[in-house]
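The values are calculated or read from the model by the stated rules, or taken from the named source; none is laboratory data. Here the structure is a predicted model, which is why all the values come from computation and not from measurement. Cβ atoms come from the backbone with ideal geometry, glycine included; neighbour counts cover every protein chain shown.
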Amino acid sequence: TLITAVGQTVYTVASVLTLLFVLMYIFAILGFCLFGLVERGDLNNWGNLASAFFTLFSLATVDGWTNLQEQLDQRKFTVSRAFTILFILLASFIFLNMFVGVMIMHTEDSIKKFQRELMVERHVTLLEEKQLILRRQQEEVNRLITTKKTGGKNFTELVEEFKKTLRHTDPMVLDDFGTSLPFVNIYLSTLDNQDNTLKKLQELYYEIVNVLCLMLEDLPQEKSSHSSELLI
């Protein structure tokens, strides 16, 4: 999946790299014109387009850009800091992050596509297993009916014997409404609602008992006060 994602990003990555090359070409010309002066320029880093491209690559990767900026500051170029900051913002913070973002997007799309294909494959496998179970049960029923026609046991006895041969782990495909998935879901949700109702009733009963206990605690005080008033 990862190899497929990398292969799908070739065109988009090439577009991003082309834009980055155009940006570096423009800034290389500007750097050569601004800082590649013969009299007081930095000829080692900006003396020609090749050295300017290599310097801009160091700025794009933010590797040793402070040393490059110090050399420009020593030669007192006023626009050097604005030039350096603008190029780092465009090349490093925008284009390189755009490159990483393109890789992440295509990787996520490939992973999602792989998961969808895996779900479809599992669904097809389940359908095949269901058809196999139905076919096997139909063959067993036909065999039982054939045995009955040949003068063997009746159908009910044959079905009972067939049930005894089944294990508890064997899946059974039934058409009864009580064994259908919608009915099971409704039945389980009904049980959950009953549990919630019983829980709320229990909490209500606890509150009623608590109130009755408080009332019982207050009753002796009221009787003693009433008896004291009669004595006075």
_The one condition in (1) without any contact (Cβ under 8 Å) to a residue 40 or more places away in the chain; (2) in contact with a Leu (Cβ under 8 Å, 6 or more places away or on another chain) that Ile94 fails to fulfil_ = (2)
*Checklist (1) surrounded by 12 or more Cβ atoms within 10 Å (Cβ to Cβ); (2) part of a helix (DSSP H, G or I); (3) within 48 Å of the chain's Cα centre (by Cα) applied to Gln71, failing item*: (3)
*Considering every residue within the range 106-114, establish whether at least one is over 29 Å from Ile3 (Cα atoms), surrounded by fewer than 17 Cβ atoms within 10 Å (Cβ to Cβ) and in contact with a Ser or Thr (Cβ under 9 Å, 6 or more places away or on another chain).*
no
_From Val141, Val173, residue being at pLDDT below 85 and either part of a loop (DSSP other than H, G, I, E, B) or in contact with a Gly (Cβ under 6 Å, 6 or more places away or on another chain) (or both)_ = Val173
*For Thr61: the one exception among (1) in contact (Cβ under 8 Å) with a residue 24 or more places away in the chain; (2) of a type outside the set (A, V, I, L, M); (3) over 28 Å from Val6 (Cβ atoms)*: (3)
*Out of Thr78, Thr125, report the one residue that is among the polar types (S, T, N, Q), farther than 30 Å from Gln8 by Cα and surrounded by fewer than 11 Cβ atoms within 10 Å (Cβ to Cβ).*
Thr78
*Would you confirm whether any residue within the range 160-167 is more than 30 Å from Ala28 (Cβ to Cβ), surrounded by 14 or more Cβ atoms within 10 Å (Cβ to Cβ), at pLDDT below 70 and of a type in the set (A, V, I, L, M)?*
no
*Which one of these does Gly64 not meet: (1) on the phi < 0 side of the Ramachandran plot; (2) surrounded by fewer than 18 Cβ atoms within 10 Å (Cβ to Cβ)?*
(1)
_Per-region count, the range 20-61, residues aliphatic (A, V, I, L, M) and surrounded by fewer than 14 Cβ atoms within 10 Å (Cβ to Cβ)_ = 6
